[in-house]
Amino acid sequence: MQNVYGYIRVSSRDQNEDRQLIALRELSILEKNIFIDKQSGKDFNRPQYRRMVKKLRKDDVLYIKSIDRLGRNYGEILEQWRILTKEKGIDIVVLDMPLLDTRRGKDLMGTFLSDIVLQVLSFVAENERTNIRQRQAEGIAAAKAKGVRFGRPPKTLPENFYETYQLWKTGKITGAKAAKMCQMPLSSFRYRAEIYQKAKLL
């Protein structure tokens, strides 16, 4: 007997799966046959996906909203598609891309066209992921160039830091003594002293 399944993936627990859920419910898929993962699509090591694959049997149908919901790694999407359609013998329907419906065109030409579309879409999905990472890195670099600071703010300096710095700078006390007077590790004292020196030179 043929069973119908639905798979949903969102990238984090903060993202909402409602849009995908509504689309699958409109197909009257049983709630128990809808599997939801809330994690990255970088690989297929996802608990609900793995649980679903174990349940799939020959001639079952799997619905997904879009190809990037299946995953974002080009090579792994193609490999999973092959496992599901060739080894397990199920049909996959991608709702946002009618050409990716393995129930249609079971002949050689239909399979050929479906494979081409899949490869193009899988490449686009991974390429977009790469572009997002690059844009994020460029954005962070641009922000840093403008003086935006990332990470935890530095601790407030002790009140006697500047006085102690002058004593250390003029050689009246050692770095170890200065750090102790400021109740700071020696490495922290030297680091903050270097920043202070640079600030004075600007």
* Sole exception among (1) in the same structural domain as ILE77 (by TED's automatic domain parsing); (2) at pLDDT 85 or above for ARG129, by number -> (2)
* Considering residues of the stretch 30-76 that are of a type outside the set (Ser, Thr, Tyr) and in a strand (DSSP E or B) only, the residue farthest from VAL94 (Cα to Cα) -> LYS38
* **Unique residue being more than 22 Å from LYS38 (Cβ to Cβ) and either surrounded by 16 or more Cβ atoms within 10 Å (Cβ to Cβ) or in contact with a Pro (Cβ under 8 Å, 6 or more places away or on another chain) (or both) when the list is VAL53, VAL94, VAL61** => VAL61
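For every residue, the table says whether it meets (1) modelled with pLDDT of 90 or more; (2) not β-branched (Val, Ile, Thr).
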| site | (1), (2) |
| --- | --- |
| SER12 | no, yes |
| LEU24 | yes, yes |
| LEU27 | yes, yes |
| ILE34 | yes, no |
| GLY41 | no, yes |
| PRO47 | yes, yes |
| ARG57 | yes, yes |
| ARG72 | no, yes |
* Find all pairs meeting these conditions: Cβ atoms under 7 angstrom apart; at least six residues apart or on different chains; first residue within the stretch 156-168 and assigned by TED's automatic domain parsing to the domain that holds ALA179; second residue surrounded by 13 or more Cβ atoms within 10 Å (Cβ to Cβ) and among the β-branched types (Val, Ile, Thr). => LEU167/ILE173
* Asked: In the stretch 6-28, which residue that is touching a residue at least 24 places away in the same chain (Cβ under 8 Å) and assigned to a helix (DSSP H, G or I) is surrounded by the fewest Cβ atoms within 10 Å (Cβ to Cβ)?
  -> ARG19
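The values are calculated or read from the model by the stated rules, or taken from the named source; none is laboratory data. These numbers were taken from a predicted model, which means no experiment stands behind them. Please note: Cβ atoms are built from the backbone with ideal geometry, for glycine as well, and neighbour counts cover all protein chains shown.
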